[in-house]
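Data block below; observations after.
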């Protein structure tokens with residue numbers, strides 16, 4: 001079949017894959033695993049914050065900015081209660097168990113990406129689990145580094161502004177750069193994840209479209225959802241004390257859809273590129289055969305010239 005081209009055809013292919021892979025149901029399944037991994041991951045982050053010698057309340061406040069206010073308070077309360085009696089030992093048995101639980105979310109995402117590429121998992125269990133744990137640890141370091149950039153960047157910017165007497169526009173420019181660092185870290189995290197985790201060899205270029213979409217889509221959807229919940233949402237009236245948990249579930253579900261859709265975009269680009277390459281190879285193989293089937297086009301140029309001279 002002739003490969004489809006154009007943005008509209010790409011959207012049709014993406015929609016077809018979205019329905020075939022049942023992304024909405026996969027998003028619900030992934031939400032379950034992400035919810036189970038969410039609090040262990042935050043506890044892991046709090047333990048890392050202890051090593052950074054930074055006020056954990058300030059970092060936690062910045063970290064929870066991505067959540068709607070209703071769920072942010074619930075998350076803060078759970079993390080504070082769980083970590084109140086911990087000694088913060090990163091390598092303790094309890095912390096290792098926390099990291100293992102948090103890696104379940106990454107493991108579920110790997111399975112979803114394999115489905116996007118129509119791949120069965122053939123790698124050993126220990127290898128996939130090791131990749132999940134490593135990705136969880138790396139994500140913790142990336143998130144903590146991004147939060148440190150936001151917190152420490154404020155003091156660094158104020159110091160540079162006072163000491164070096166930069167123009168008045170410098171604070172605005174510095175704030176822009178400061179917030180660009182977490183976005184860049186998020187993009188690189190998605191790029192590594194989409195490139196390394198599926199059970200299929202992919203190029204870095206092939207992971208870029210979904211990474212861009214996931215980064216922009218997650219930020220925009222989180223901001224819009226937070227605005228809606230804070231301004232118009234009635235979850236507390238409907239669900240009572242469970243309103244914060246319901247908001248968190250909905251936010252995790254939309255985040256799951258964004259992440260899965262990023263993988264589907266990469267898979268669609270990948271299969272369309274393979275289809276174009278296959279069509280080009282078929283076209284080259286058929287090129288020597290002339291559709292008219294005439295003998296003259298198959299005769300070498302030398303033979304044609306000699307035959308013309310004999311006729312003259």
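The values are calculated or read from the model by the stated rules, or taken from the named source; none is laboratory data. Everything numeric here is computed off the predicted structure, so don't read it as measured data. A quick note on method: Cβ atoms are made from the backbone with ideal geometry, for glycine too, and the neighbour counts reach across all protein chains shown.
Put simply, of 127, 163 the only residue that is in a helix (DSSP H, G or I) and modelled with pLDDT under 75 is 163.
Here's the yes/no breakdown for (1) crowded, with 18+ Cβ neighbours inside 10 Å; (2) at pLDDT below 90; (3) within 28 Å of residue 181 (Cα to Cα); (4) within 18 Å of the chain's Cα centre (by Cα):
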| residue | (1), (2), (3), (4) |
| --- | --- |
| 215 | yes, no, yes, yes |
| 231 | no, yes, no, no |
| 241 | no, yes, no, no |
| 244 | yes, yes, no, no |
| 264 | yes, no, yes, yes |
| 267 | yes, no, yes, yes |
| 271 | no, yes, no, no |
| 275 | no, yes, no, no |
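Does residue 28 satisfy the condition of being at pLDDT 65 or above, surrounded by 17 or more Cβ atoms within 10 Å (Cβ to Cβ) and under 27 Å from residue 264 (Cα atoms)? So residue 28 does not fit the description; no. Suppose the filter is modelled with pLDDT of 80 or more and part of a helix (DSSP H, G or I); does residue 181 pass it? The answer is no for residue 181.
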